[in-house]
Amino acid sequence: MSPAPLPPPGNATAAGGATAAEVPPADAAARLRLLVDLSRQLAEATTDFEYVLDAVAARVVELLGDGCAAYLRAEDDPWLDAIAIRHREPARRALIEQVNQARRLRVGEGLAGGVVASGVTLYLPLADPKLLHDTVVPEFRAYLERVGVHSLLVVPLSGKARVHGALWLA
């Protein structure tokens, strides 16, 4: 299964197949509150990137997904560090932390490393277990086997002419 392209802005579909223009006002208001709250948190954080990414991961999990991890790399460093890890279930968060401590990712490895290398968003609305198994590094397979991933979004964190890391959401 190939990654699905993200819908173009203005043509995004909501749950149930509604276009952005057809989203009920209550849902639109909730999304606006999310953006306002997140903007406030980011403004308060100034330059504390770990705080910013943890705040983003926490809100993403609260509103959109089961798990979220933020990976960053230092300039010219081939390694990615897991800066923020969140999950709705504490045991699963502990498992994500464990697999990230067992092995750091290099730029180009696995899903997050591939997104950092390419600078292109990966969106799998219906994640194929075999594709995931074949793509992740062996140490990360424990998470896939125990938890399962049904959909996945990995977004590059870009700025100032380079990709600084990736945000992973399942």
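Which pairs turn up if I take residues in region 77-104 that are touching a residue at least 40 places away in the same chain (Cβ under 8 Å) and open to solvent by 60 Å² or more (accessible area, probe 1.4 Å) and look for partners that are assigned to a strand (DSSP E or B) and β-branched (Val, Ile, Thr) with beta carbon separation below 9 Å, at least 6 apart in sequence or on another chain?
That search, which allows pairs on different chains as well, returns nothing.
Just to be sure I understand the filter: pairs with C-beta atoms under 7 Å, separated by 6 or more residues or on different chains, first member in region 146-157 and within 16 Å of residue 108 (Cα to Cα), second member part of a strand (DSSP E or B) and open to solvent by 50 Å² or more (accessible area, probe 1.4 Å). Which pairs pass?
Note: pairs meeting the criteria are 157/164.
If I go through region 136-158 residue by residue, how many of them are on the phi < 0 side of the Ramachandran plot and surrounded by fewer than 16 Cβ atoms within 10 Å (Cβ to Cβ)?
Step one: filter region 136-158 for residues on the phi < 0 side of the Ramachandran plot, giving 136-147, 149-158.
Then keep just the ones that are surrounded by fewer than 16 Cβ atoms within 10 Å (Cβ to Cβ); that gives 138, 141-142, 145-146, 150-151, 158.
So the answer is 8.
So in region 50-74, with the set limited to residues that are part of a loop (DSSP other than H, G, I, E, B) and either open to solvent by less than 30 Å² (accessible area, probe 1.4 Å) or in contact (Cβ under 8 Å) with a residue 40 or more places away in the chain (or both), which one is nearest to residue 111 (Cα to Cα)?
So, considering only residues that are part of a loop (DSSP other than H, G, I, E, B) and either open to solvent by less than 30 Å² (accessible area, probe 1.4 Å) or in contact (Cβ under 8 Å) with a residue 40 or more places away in the chain (or both), the one nearest to residue 111 (Cα to Cα) is 73.
The values are calculated or read from the model by the stated rules, or taken from the named source; none is laboratory data. Bear in mind that the values here come from a model prediction, so they are computed numbers and not experimental data. Cβ: placed from backbone, ideal geometry, glycine included. Neighbour counts: every protein chain shown. What goes into the accessible areas is simple: the full protein's heavy atoms, side chains included, and nothing from ligands, DNA or RNA. Shrake-Rupley method; radii C 1.70, N 1.55, O 1.52, S 1.80 Å.
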